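Below: one structure, written as structure tokens.
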Amino acid sequence: MLLSLDNIIYTPDSHDAKAPTIIEHLSWQIAAGERVGLLGANGSGKSTLARIIAGILEATAGHLVGNPRIAMLFQNPDTRILGSTPREDLCFGLSRLSQQEQEARIAEVTQVVPISELLDRDIQSLSGGQKQLVAFASALITEPDLLILDEPSSMLDGATTEKLVGIIQHLDKKMSILCISHDLRLLREMQSIAVLHEGRIVAQDTPEQLYARDLEPYGLVAPREVRICRDLAAKGYDIGIHLSGEAIAHALRSQVSGEERLCQN
């Protein structure tokens, strides 16, 4: 087990009896190499939980067991970027290495995150999407055991989000990922998705199995792809739950072809 959360409680002001408890008696585990998404309505405590795991916030009570190297990518890339150029920013995480070793590590990371042509640009001249890719590379360059992605696509356009998905697909499978997002393009890359509600993990399953459930009691709206699958089932085409347009089309074609063969026989 990479990291275990044991009965975590978080209250912003533990000295104020009226202060709300954001995380309440939460126990959870993240395995080595596990890729898990985290869903929850606004205010459910997702970012707070991520910051407790990353060590940015200290839990009011409870314990974190394990000592993995953790890197975190925030919604706003400016939160993480420190250098005046992408190259300088990447070097912040490599201060213990020689210059030759730093350059080798930068070359390795930029094979995964396509920012080679940006390395010596003024950071302020980059678009928001380019900055997010730089921040992603800066997170990866430290070779974390656990990479936390906190709504990483919320400020990105569709093309840059697809780049982000491609990067995630090609990351080392030994690295654990915790992805906080409502973006299905990211969540369907996870092995499982957990739901945080009222400060506790109330459900966890594979993406398809989780979205097959009714998540409205937790303040969550089904994605468009799930609603399409349910509409098709209501019309007699029960193809199950699929999380991409391509998968829906393939399942529907397969069912229609099967019915046509039955009719021919």
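The values are calculated or read from the model by the stated rules, or taken from the named source; none is laboratory data. Predicted, not measured: the structure shown is a model, and the values here were computed from it. In this analysis, Cβ positions are derived from the backbone assuming ideal geometry, glycine residues included, and neighbour counts consider all displayed protein chains. Just so you know, the surface numbers come from the protein's heavy atoms only, side chains and all, with ligands and any DNA or RNA stripped out. Shrake-Rupley method; radii C 1.70, N 1.55, O 1.52, S 1.80 Å.
In a simple Cβ point-charge model (Lys, Arg +1; Asp, Glu -1; nothing else charged), the chain has a dipole of about 260 debye relative to its Cα centre. Between the stretch 68-97 and the stretch 5-61, the C-alpha centres lie 24 angstrom from each other.
Once you reduce the stretch 154-198 and the stretch 199-263 to the center of their Cα atoms, the two points are 19 Å from each other. Of the residues 97, 116, 129, the one whose Cα sits farthest towards the positive end of the charge dipole of the stretch 89-129 is 97 (charges of +1 on Lys and Arg Cβ, -1 on Asp and Glu Cβ, taken about the Cα centre).
Helix 128-140 and the longest principal axis of the Cα set of the chain meet at an angle near 70°.
Taking the 1.4 Å solvent-accessible surface of the chain as the whole, the part contributed by carbon and sulfur is 47%. Taking 85, 21 and ordering them by how much accessible surface each has at a 1.4 Å probe, largest first, produces 21, 85.
Across 250, 197, 63, mean-square fluctuation computed from a Gaussian network of the chain (C-alpha pairs under 10 Å connected) peaks at 250. With respect to the chain, whose longest principal axis is taken over its alpha-carbon atoms, helix 224-234 is tilted by about 10°. When both bridge partners sit in the chain, DSSP labels roughly 45% of those beta bridges antiparallel. For the stretch 182-239, state which trypsin sites (Lys or Arg not before Pro) are in a DSSP loop and have at most 14 other beta carbons lying within 10 Å of their beta carbon. Those that pass, being in a loop and sparsely packed, are 235. Here the Gaussian network model covers the chain, with springs between Cα atoms less than 10 Å apart; of 192, 181, 116, 116 fluctuates the most.
Protection proxy ranking for 167-175, 73-81, using the average of other Cβ atoms within 10 Å per residue and placing the highest first: 73-81, 167-175. Were the residues from residue 61 through residue 92 laid out at 0.36 nm apart, the gain over their Cα-Cα distance would be 7.9 nm. Please name whichever of 215, 248, 138 sits farthest to the positive end of the charge dipole of the chain, dipole taken about the Cα centre and charges placed at Cβ: Lys and Arg +1, Asp and Glu -1. Working it through, the farthest residue towards the positive pole turns out to be 248. If you run the Gaussian network model on the chain, springs between alpha carbon atoms under 10 Å, then out of 202, 134, 226 the most flexible one is 202.
Accessible surface computed residue by residue for the chain, with neighbouring protein chains in place and a 1.4 Å probe, gives 51 Å² per residue.
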